[in-house]
Amino acid sequence: MKLVRKDLEKDNAGQVTLIPEEPEDMWHTYNLLQVGDSLRASTIRKVQTESSTGSVGSNRIRTTLTLCVETIDFDSQACQLRVKGTNIQENEYVKMGAYHTIELEPNRQFTLAKKQWDSVVLERIEQACDPAWSADVAAVVMQEGLAHVCLVTPSMTLTRAKVEVNIPRKRKGNCSQHDRALERFYEQVVQAIQRHINFEVVKCVLVASPGFVREQFCDYMFQQAVKTDNKVLLENRSKFLQVHSSSGHKYALKEALCDPAVTSRLSDTKAAGEVKALDDFYKMLQHEPDRAFYGLKHVEKANEAMAIDTLLISDELFRHQDVATRARYVKLVDSVRENMGTVRIFSSLHVSGEQLGQLTGVAAILRFPVAELSDQEDESSSEED
């Protein structure tokens, strides 16, 4: 993401002009936009024209519109963002108050104005404009007959390909059908890796599976690379890291990211940090439940006691339509930071973020046990229901 201009007043009202440069930046843009914001960008509008003879025709005209945002639709697989709203600035082609949908896309500049830029939104702009936050991890999670090729970016886990091949069982004295099907499966996975993984950007490719599937697959892949003189695979052989997972389904990626060999290799990536924080929370919940809480009211009470060491919170909560509720989450984040706590904002599109979402989207690891809070656990959760 490229920051072109930032004009903020003392009360944090104002506007920023940004240029998304990669598909990942569209996810950041989606998280920056909120209903009621003002969005200015170039767009195409179908305009009806009447000639001197009275005949009516229509032309598609490029114009710049400023909309008051009403609905935001994000397609995570295509990384496309559609923003619908009403025109709030005079335009020769579009009446004031008329509805229009702007499609935001990479390399197209836009200006976003808000009445209040909060700390969470400003932090996201900083992160999006920092080149160190680029996608640098890929993963192949597999079992016999099923594989998922994923890209693990700082903000989401994208499934780029799913490979499914029916593998017949080995028969006594005849394994040829099984072996042929397995070879066909491996070949399709290799093709998916070559098609979807950019080795110029990716620092590490995790190959995760139960049993010996990963070893057999990697042996096959590099034998074929030698036979076909595939320079891309051979030159990047050192980037492949084999780890255990319980299955070939996407959710098993969390186990692979938890592997100590992986965390040391990916120590500088946000994804590994999120997974470790969630893992620490579950361990604390199991061994010292008085130091691990989840649910907004519960976590807020822990924060009042200045007990929060690490706050785990989903970015989904900052997209809440209700301004007061959103402000409540922002206030919690700011307060934890003021009390020298660590805040980890999880992406709802990451495997770890999906799991945090099942725990209400907000959880905390405490510095010290706060026993009276655990007594209120049932009461707190029933109030939220």
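The values are calculated or read from the model by the stated rules, or taken from the named source; none is laboratory data. Since we're looking at a predicted model, the values are computed, not measured. Note: ideal-geometry Cβ built from the backbone for every residue, glycine included; neighbour counts use all protein chains shown. The area values use the complete protein model at the heavy-atom level, side chains included, leaving out ligands, DNA and RNA. Shrake-Rupley method; radii C 1.70, N 1.55, O 1.52, S 1.80 Å.
Before moving on, here are some points about what is shown:
- Selection status of Asp118, among the acidic types (Asp, Glu), within 18 Å of Leu257 (Cα to Cα) and surrounded by 16 or more Cβ atoms within 10 Å (Cβ to Cβ): no
- Residue ID - nearest to Cys79 (Cα to Cα), chosen from residues in segment 10-37 that are open to solvent by 30 Å² or more (accessible area, probe 1.4 Å) and over 24 Å from the mean Cα position of the chain (by Cα): Gln15
- Residue within segment 44-60 that is under 26 Å from the mean Cα position of the chain (by Cα) and open to solvent by 60 Å² or more (accessible area, probe 1.4 Å) present: no
- The set of residues in segment 148-204 being farther than 28 Å from Arg124 by Cβ, β-branched (Val, Ile, Thr) and touching a strand residue (DSSP E or B) at 6+ places or on another chain (Cβ under 9 Å) consists of Val163, Val165, Val189, Ile193.
- Helices (runs of 4 or more DSSP H) fully within segment 177-287 counting 2 or more residues that are in contact with a Cys (Cβ under 9 Å, 6 or more places away or on another chain) and open to solvent by 10 Å² or more (accessible area, probe 1.4 Å): 270-287
- Considering residues of segment 12-50 that are of a type in the set (D, E, K, R) and in contact with a Phe, Trp or Tyr (Cβ under 9 Å, 6 or more places away or on another chain) only, the residue modelled with the lowest pLDDT: Glu24
- Across segment 61-87, the qualifying residues are those that are aliphatic (A, V, I, L, M), without any contact (Cβ under 8 Å) to a residue 40 or more places away in the chain and in a strand (DSSP E or B), and the one among them that is surrounded by the fewest Cβ atoms within 10 Å (Cβ to Cβ) is Ile61.
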